[in-house]
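The values are calculated or read from the model by the stated rules, or taken from the named source; none is laboratory data. Quantities reported herein were computed from a predicted structural model and do not represent experimental measurements. Here Cβ is always computed from backbone atoms with ideal geometry, including for glycine, and neighbour counts include all displayed protein chains.
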Amino acid sequence: MIQLINVTKIYNELKALDNVSLEISQGEMVFLVGPSGAGKSTIMKLLYREEKPTSGQVFVSNVDVSRLPNGQTPLLRRRMGIVFQDFKLLPNKTSYENIAYPLYAIGMDRSEIKKRVHGALKVVNLTNKANDFPKTLSGGEQQRVGIARAIVQGPSLLIADEPTGNLDPATSMEIFQLLERINQRGTTVIVATHNQQMVDQMRRRVICLSSGKIVSDVVAGTYSSRT
Ligand SMILES: Nc1ncnc2c1ncn2[C@@H]1O[C@H](COP(=O)(O)OP(=O)(O)OP(=O)(O)O)[C@@H](O)[C@H]1O
Ligand SMILES: [Mg+2]
């Protein structure tokens, strides 16, 4: 479902990705690890088309997103959910409204929105906080709202960039287990993380980047496994 072919990304003078090729199948759960500045977020940004590669191709569901006209970006993002380290919730909207927001934006009717949002709230186990505002929620709860918002459109791909960077170990564990449950429902999940303990515990595919190159790619790997 995802294919990077000889992808190089240069920001100004700096080579953030250096001829990276990579394939991820539908239904996989993959951890992207590696030191700060290795290029993890850059790969994610290429997938959701926040950035374009300097050279090479980036396919998501057989579409070369690097060649997608700008106008098609919203359509691409409708088929993927994106989860951020800092949650990116709208502070003046409730959990329900935050999750419903992308659905309103595409003009879905209210009864369908209600059904979908309640479904997403159930997945993240936050039905009881539907009408609460972000500032009254814990970090873990805010991230669960962020995840509900990301899955509300039923994406085939979920991308999470350092989703537990602001959370304590117990809460991080909850979030990783939630991502695993979402993966078990058939969604491809890609997580960039520095959370060594979680990666080691979950024994999924681990791709390690260093200085813009893939240095290892292990099927049931650990944070520091090497091929
Ligand atoms: N918009 C930008 N302009 C210039 N340089 C950038 C930009 N975005 C990233 N870089 C550089 O590209 C390199 C890769 O950055 P990237 O954010 O992909 O790393 P990362 O692996 O996600 O790191 P971290 O673990 O700290 O999040 C870094 O050297 C970074 O400074
Ligand atoms: Mg990053």
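For the reader, a short list of remarks on this structure follows.
- Pairing each residue of the stretch 19-39 that is among the polar types (S, T, N, Q) with any residue that is part of a loop (DSSP other than H, G, I, E, B) and more than 16 Å from ligand 2 (Cβ to nearest atom), provided the two are 6+ apart or on different chains, yields C-beta distances under 7 Å for Ser25/Met1; Gln26/Met1; Gln26/Ser156.
- Within the stretch 94-125, the set of residues being among the hydroxyl-bearing types (Ser, Thr, Tyr) and under 22 Å from Ser172 (Cβ atoms) comprises Ser95 only.
- Matching residues in the stretch 41-83 - criterion: being within 16 Å of ligand 1 (Cβ to nearest atom), out of contact with any helix residue (DSSP H, G or I) (no Cβ under 7 Å at 6 or more places or on another chain) and over 14 Å from Ile5 (Cβ atoms): Ser41, Thr42, Met44, Lys45, Glu50
- Of everything in the stretch 42-68 that is modelled with pLDDT under 95 and in a helix (DSSP H, G or I), the residue that is farthest from ligand 2 (Cβ to nearest atom) is Arg67.
- Among residues of the stretch 137-168, those that are away from ligand 1 (no atom under 16 Å from the Cβ) and either within 19 Å of Ile43 (Cα to Cα) or hydrophobic (A, V, I, L, M, F, W, C) (or both), counted: 11
- The listed residue being closer than 22 Å to Glu23 by Cβ and within 16 Å of the chain's Cα centre (by Cα), out of Val218, Val145, Val191: Val191
- The listed residues are Asn70, Asn92, and the only one of them that is surrounded by fewer than 17 Cβ atoms within 10 Å (Cβ to Cβ) and without any contact (Cβ under 8 Å) to a residue 12 or more places away in the chain turns out to be Asn70.
- Filter result for Val191 (at pLDDT 95 or above, farther than 22 Å from Ile24 by Cβ and either in contact with a Lys or Arg (Cβ under 9 Å, 6 or more places away or on another chain) or crowded, with 21+ Cβ neighbours inside 10 Å (or both)): no
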